[in-house]
Amino acid sequence: MAHAYTPGLKVTNRVRHRTRRLLPLPGEVLAEIGSHVQAQDVVAQAFMPGDVSPINLSNALSLPPGDIPDIMTRKEGDVIEVGDVIAVTRGIFGFFKTDYKAKVAGKIETISKVTGQVIVRGEPMPVQVKAYLSGEVVEVLPQEGVAIENEVSLIQGIFGIGGETCGPIRMACESHNDKLTLEKITSEMKGAVVIGGARMTGEAVQRAIEVGAVAVVSGGMDDQDLRQILGYDLGVAITGSEKIGLTLIITEGFGDISMAAKTFELFKTREGDEASVNGSTQIRAGVMRPEIIIPLSESELASETESVHSSGMLDVGTTVRIIRDPWFGLIGSVTGLPTDPTTLGSGSKARVLDVKMESGETVTVPRANVELIEE
Amino acid sequence: MQGSIRIRMMMLMAAFVVVCGWSAISNAAPPAPPSGITVKDAPNDAGTGLIVEWQLSPDDRKDADPRVVVRYEIDRLARPLKPENETPIKESKFAKVGEVNFQLAKYLDQNANRQHEYLYRVRAVSVDGESSTAVESTVAVQPELQYFDMRRAWYLVLLVVVGGAVVYFIQVVKSGKDLKIRKIAGLEAVEEAVGRATEMGRSCLFIPGILDINDIQTVAGITVMSRVAGLVAEYNASLEIPTCRSLVMTTSRETVAAAYLSAGRPDAYREDDIYYLTDEQFGYVAAVTGNMVRKKPAACFYMGAFFAESLLLAETGNAIGAIQVAGTAMPSQLPFFVAACDYTLIGEEFFAASAYLSHEPHQLGSLKGQDIGKFIGGILIIAGCLLATVVAVMTDPPSGLESLVTFIRENILGEKGFMP
Amino acid sequence: MEEPAADVTVGVTNAVTEIAELSGRKLVDDNGQIIRPAQGDVGCDAYISTSSAGGGLQMMVAGVVREMTAASAKRAALGAGAIVMDVIASNDRRLPHEQIQRIRELRPDMILISGGTDGGTTSHVVQLAELIAPAKPQPRFGSEYRMPVIYAGNKEAVPIVEETFDKSVELSVVPNLRPVLERENLGPARDKIHDLFLEHVMAHAPGYDKLISWTDSPIMPTPGAVGDILRTIAEGQGINAVGVDIGGATTDVFSVFDGVFNRTVSANLGMSYSISNVCSEAGMPSILRWVHLEMDERELRNRVKNKMIRPTTIPQTLEALVFEQAVSREALRLAYQQHKEFATTLKGVQQQRTVGDTFSQNTSGQTIVDNMKLDLLVASGGVLSHAPRMVQTAAMLVDAFQPEGITTLAKDSIFMMPHLGVLAQVHSKAALEVFERDCLIYLGTCVAPKGQGQRGKPCFSYSIRSHALNELGEISCGELKQLPLADGEKAEITVEPARGFDCGAGKGKPVRKEIRGGTVGIILDGRGRELELSTKREQSVPAVTQWNQALDLYPESS
């Protein structure tokens, strides 16, 4: 027995999922505990303090900063409009007065006698947080947000781009080995979460954007295609804010790689159901993976729950996937677990295992280069 | 007896007289005429010149002493080409047009015109003014117009090379390739100097020289001023510009206001910081240095034409601990600036500043093209010096070499060339 | 630290118990406490610790001029072991509202404000405070504590700055970082950062309060400790040293030149999480020029991204190893380049000139990193320390850092440097001894004259003498040669560079020096400096193949 790497990606057809929907700053929570919300419902909103614009009155009126507080016609806290006179100089014997008309609207926050700056804060901007997941509000954090829970099917991908969206699941491929190609995208897929099998091609994604699909999920994709879609070479793996027209999620990796059969089957059983999709990925300390959440309907809730898998243990007979070249993406079962480190082709020594692949061939790979597949 | 002696004496005397008389006659005889006269068109002119050449008179010998022939006189007969158009020149017979010294066999007549054809004759003239018989050209020659002065062909070559280089480099820059310009420390340091002023909470002082705006150095100084002002605006520091001429003040105000605007801080621009002091050289210096000692600016820029005040200003700036950047094309003031300032833009660097700062393709390309011109000029000067030295050292230099040196000296490096 | 062991002391006790088992000495008592001080053969003399919890210390710094006080503030923060998330300065080309937006978005652990010399600008510094105060920056770990803000600027602005900040931040005032522009005073600010790191940031990690009470000297951020040991070594031996630690996400470069210490963190240059960024920053052609095998670019791109999303895999084939080491060369090169740009002399200093300087006016702010003066280059981090062959580590160092003259190469055996850094504070002699004996594995010495020459023309001749080795020879331009000289042995080398080449004594001047051997030996490098390697494959492949054969880098491939 030995530990093996798993990316820890959850693929379950039933789990109680809880999501926290928090405001970036204190605001108002619109939902109550126990209420049911839909994905598109606004559950909390806040007003983000407006943009700050400093006005250098000392320069504008050619006065020493120390004089500024005395010549102000408006005080800190006053609300001003564009064109309002906010300061008037004393002039000479009451003549030759100059005034300053505000060029921005907002509230005067501070008047500094050191820098001669007046800081005006603009109109607050509303920030709304949507429920994202349909379900029950189980917790209200006053002024901050809510927690929503529901019984869902949860699928985490390994990498994605684009932010939160939702739509019905639509299968585009027959099998998990099918490439998601151009002709598989049809105009009925408008507004849908399109599920492919193996690699999604660049043209297919382009077509999906054209027909108005909200998300495309598939096993893999070429980096070359990703670069074309994004228009630049993705460097740092922190995504979620891209604006390409839809959300893309790959579940397995880059290159020609099929979606795990289990994942594909799960999608198939849930075809037509509303799903919440988020492509945000962060591969760092505090890792974040893209996800597809499909709330269960009343009828499905009645069916039995799935047993929990124990994971992370390698044994002879365990199904693994090789996650590094030269056999990237291939699946096989463990046939041997030699204990002593073996010298690899690269010259380094590492602990290895023998894998018998679906083709019948047996290969030796480092233990670090396989991941467990749950069946 | 007596009579015979007398007769003898008379005969002797007569003989003497005869001899003397003969010699007097032979002294007054005209020299032998020159021969073989030819006339041809003078090349590379606008059709105004003809060249007359002849063989020297046999009496005109190099080592003759005393000289028999002292000069040659050239006469000309002009014939109108179209008889009805006879008005301009009424020479129907030979008239003298010029003369040349002995031992010369060539005359350039530059007063011909293309409406006439000319016949020439040349006479050798002796010390006494006796003329030989004239030798006359047989064929009438008409001057011709040449559209190109081939003697200046080298100028065309240079023009094409330098101009071509400028155009080429402009294209290169436009195509997005970066031309390497040597780092000019003085201009790089502007940012540092303004930064220092900002950190220390002091002002920057800019002096655009003491000459008026019509001086090219003042103009170059104002280019740098725009850069300094842009940085000052960006750093939110303050800039003071005392000027010595009213027009320079006006120009400076416009420049600085524009620089503040393009830095996005038009509100920070203060017109009163750019002011006129006096036209008086030392009155100006006294006011500026006094101001420097009182306000202690942290960065001083001297960019323009300076005279005796250079060291007064720079030394004061040094004493108050400012970072100083100077730029001038006054060779006599450069040593003072170099010694007293942190950075100095020297002559050409100062003028290149605008291309350096703007990175605008046209300016960059011209700068690089001019470099090619300077490089060629340098090569020619070195080659010319070497050739001239060789010619001077050699006892019997080949005539080709000698004429090449003459050509370089007179046409390329002389008054018609690089040094007008 | 993840569930279930959400208390650091659990891990510490486990580790100490393991050491105890190995050394056969009882170190932990029955209550799970470390026994201190030593009593007979039980317990230990001191327990020290470093921390990189939560991805290390993340800071935001602010200063007036980016190249002056802001740069000093950044140096202070980096030197203390922090990651600098952003630098706010008056001249950073951002409008005030953009700066405020940025401050809001960042969630630093700490903020350092500097600016103005003592007696210098007040308005700029107050302006910075006026930007930061209304932005109300949120600390990264929850909202239970107030954001620590350190002010290290113009002392005359202190009262106004204090007035500007309300009670929502924890303001500490330390002496100015740049009391005058000519001098930097980073010590007080750095110490304050360490204090606040312990008091605030660490205190919020579970179990740390207990751990702090165990340690004999304050817990330091790991990179800060690495810097300390490198500085101690360089000062102790009077040498110039560069250290590098290449990780999965970041690459740290440390340098000590003429007693001046600098550290930079290249946040997005690394071998796993950041590998994709290395490829996009350096460009695939630049990486592939180090690869002598034919590879398919489309395939490689996918492999790079797969490594990024599955960072723990290791190269299995030689091909994969060659590519990974090529990436590391570029990552190290870029990190060192960033380091050079950052480690400069102070800017804004008045220059003294003579008329002789007319045509050689140097600007201040030149880099102080001089590869010719470099004596010791220390490597650490996965791809360097776990390369299958030592010579590969040496080759990566030489190719990426391009040391000039005569340079000793070493690697940190088991990432011991940070701990020695803390130990150096308690017992500096012991730290130095352990460093020399156990921490470093000497790879050997690189001899590389500076200059460029035509391929095949002579570059330098050498004679090496030791009791085991007696070699004479000549290296031509573009040639690379390896001579064995075992670890612990010393040899005397005389290098006579050809015209136009400089080996430390000036162009064409001979150099005589004692050098030390190592697991790799002596690398004689005639490839010239800067090392030029074209991105055209028809040029790079033969060159790299030749070099690889000379060093026997990848014996299996030939």
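DSSP beta bridges fully contained in the protein assembly as shown are about 70 percent antiparallel. State whether region A:141-257 is rounded, prolate or oblate according to the following rule on the C-alpha gyration tensor (a ≥ b ≥ c being the square roots of its eigenvalues): a/c under 1.5 gives rounded; otherwise a/b larger than b/c gives prolate, and the remaining case gives oblate. Cα axes put region A:141-257 in the prolate bin.
For chain A, the average shadow cast by the Cα convex hull is 26.7 nm², which is a quarter of the hull's surface. Amide H to amide H, with H built 1.01 Å from N, A:Val138 comes under 5 Å of A:Gly34, A:Ala147, A:Ile148, A:Glu149, counting only residues 5 or more places away or on other chains. Summed over both chains, the contact between B and C buries some 2400 Å² of accessible surface at a probe radius of 1.4 Å. Amide H contacts of C:Cys459: C:Ile475, C:Ser476, C:Cys477, each under 5 Å away and 5 or more positions distant or on a separate chain (H built 1.01 Å from N in the peptide plane; Pro and chain starts excluded). In chain C, the inverse of the mean reciprocal separation of distinct Cα atoms equals 25.5 Å; this is its Kirkwood hydrodynamic radius. Note on the protein assembly as shown: Kirkwood radius taken over Cα pairs, Stokes-Einstein applied at 4 °C and 1.567 mPa s, translational D equal to 33 µm² s⁻¹.
Counted by Cβ distance under 13 Å from B:His362, the other residues give a net charge of +1, where Lys and Arg count +1 and Asp and Glu count -1. The charge dipole of region A:52-121, taken about its Cα centre with unit charges on the Cβ atoms of Lys, Arg (+1), Asp and Glu (-1) only, comes to about 60 debye. Sites count as exposed loop sites when they are trypsin sites (Lys or Arg not before Pro), lie in a DSSP loop, and have at most 10 other Cβ atoms within 10 angstrom; the longest stretch of chain B without one is B:183-420.
Along chain A, counting only chymotrypsin sites (Phe, Trp or Tyr not before Pro) with a DSSP assignment other than H, G, I, E or B and at most 11 other Cβ atoms inside a 10 Å radius, the longest segment between sites is A:233-375. For region A:228-244, heavy-atom accessible area (probe 1.4 Å) falls by no less than 40 Å² from the chain alone to the full protein assembly at A:Asp233, A:Gly235, A:Val236. Straight-line cross-link reach from A:Lys262 at under 29 Å between alpha-carbon atoms covers these lysines, not counting any fewer than eight positions away in the same chain: A:Lys10, A:Lys179, A:Lys184, A:Lys190, A:Lys356, C:Lys305, C:Lys307.
Summing +1 for each Lys or Arg and -1 for each Asp or Glu among the other residues whose beta-carbon sits under 14 angstrom from that of C:Ser255 gives -3. Computed in the context of the full set of protein chains, the accessible area of region A:313-372 at 1.4 Å probe radius has 51% of its extent on carbon or sulfur. Once backbone amide H atoms are built at 1.01 Å from N, A:Leu353 has A:Val365, A:Arg367 as its partners under 5 Å, excluding neighbours fewer than 5 places away on the same chain.
For region C:503-558, GluC sites (Glu not before Pro) are listed when DSSP marks them as loop and at most 14 other Cβ atoms sit within 10 Å of their Cβ; the list is C:Glu530, C:Glu532. 3J(HN,Hα) couplings calculated from phi for region C:57-63 with the Karplus curve 6.51 cos²θ - 1.76 cosθ + 1.60 (θ = phi - 60°) are, in sequence order, 8, 10, 10, 10, 10, 9, x Hz; Gly and Pro show x.
Working note: 222 nm ellipticity from helices only, DSSP H runs with n ≥ 4, each -39,500 (n - 2.57), summed and divided by the residues of the protein assembly as shown, gives -9500 deg cm²/dmol to the nearest 500. Using a cut-off of 32 Å between Cα atoms, the listed pairs C:Lys155/C:Lys210; A:Lys113/B:Lys296; C:Lys192/C:Lys490; B:Lys183/C:Lys536; B:Lys177/C:Lys373 include C:Lys155/C:Lys210; C:Lys192/C:Lys490; B:Lys177/C:Lys373 as exceeding that distance. Do any residues of region C:259-291 show a loss of at least 30 square angstrom of accessible area between the isolated chain and the full protein assembly, using a 1.4 Å probe, and if so which? Residues losing area: C:Asn268, C:Tyr273, C:Asn277, C:Ser280. Taking the 1.4 Å solvent-accessible surface of region C:53-191 as the whole, the part contributed by carbon and sulfur is 50%.
Interface residues of region A:341-367, defined as those losing at least 40 Å² of solvent-accessible heavy-atom surface relative to the isolated chain (probe radius 1.4 Å), are listed as A:Gly345, A:Ser346. When the accessible areas of A alone and C alone are added and the area of the pair subtracted, with a 1.4 Å probe, the result is around 4100 Å², both sides summed. For B:Lys62, a cut-off of 20 angstrom between C-alpha atoms picks up these lysines, skipping any fewer than 8 places away in its own chain: B:Lys106. Using C-alpha pairs under 8 Å with a sequence gap of at least 6, the mean separation divided by the residue count of chain C gives a relative contact order of 11 percent. Note on C:Thr13: accessible area is roughly 30 Å² with a 1.4 Å probe, heavy atoms of protein only. Find how many whole Å separate the alpha carbon centroid of region A:78-155 from the alpha carbon centroid of region B:182-205. Computed from Cα coordinates, the inter-centre distance equals 37 Å. A simple rule links phi to the HN-Hα coupling: the Karplus curve 6.51 cos²θ - 1.76 cosθ + 1.60 with θ = phi - 60°, which for region A:171-184 gives 7, 10, 10, 6, 9, 6, 9, 6, 6, 8, 10, 3, 6, 7 Hz, with x for Gly and Pro. Would you kindly state the longest site-free stretch of chain A, with sites defined as trypsin sites (Lys or Arg not before Pro) in a DSSP loop (not H, G, I, E, B) surrounded by at most 10 other Cβ atoms within 10 Å? Here the longest run is A:76-242. Computed on region A:52-121, with alpha-carbon pairs under 8 angstrom and 6+ residues apart, the relative contact order is 42 percent. Accessible surface calculations at 1.4 Å, restricted to protein heavy atoms, place the protein assembly as shown at 45 Å² per residue.
In order along region C:461-473, phi translates into HN-Hα couplings of 10, 9, 9, 10, 10, 8, 6, 9, 9, 9, 10, 10, x Hz, rounded to whole numbers, per the Karplus curve 6.51 cos²θ - 1.76 cosθ + 1.60 with θ = phi - 60° and x for Gly and Pro. Summing charges over all other residues whose Cβ lies under 14 Å from the Cβ of B:Ala326, with Lys and Arg as +1 and Asp and Glu as -1, gives -4. Overall shape: prolate for region B:35-136, with the ratio a/c of the largest to smallest alpha carbon gyration tensor axis at 1.5 or above and a/b above b/c. Computed across region A:313-372, the Kirkwood radius stands at 11.3 Å (inverse of mean 1/r, all Cα pairs). For region A:52-121, which whole-number percentage of the solvent-accessible area (1.4 Å probe, protein heavy atoms only) is attributable to carbon and sulfur atoms? Heavy-atom surface of region A:52-121 belonging to carbon and sulfur, 1.4 Å probe: 57 percent.
The values are calculated or read from the model by the stated rules, or taken from the named source; none is laboratory data. As the structure is a prediction and not an experimental result, all values here were calculated from the model. As a convention, Cβ positions derive from the backbone with ideal geometry for all residues, glycine included, and neighbour counts pool all protein chains shown. Please note that ligands, DNA and RNA were not included when accessible areas were found on the heavy atoms of the full protein model with its side chains. Shrake-Rupley method; radii C 1.70, N 1.55, O 1.52, S 1.80 Å.
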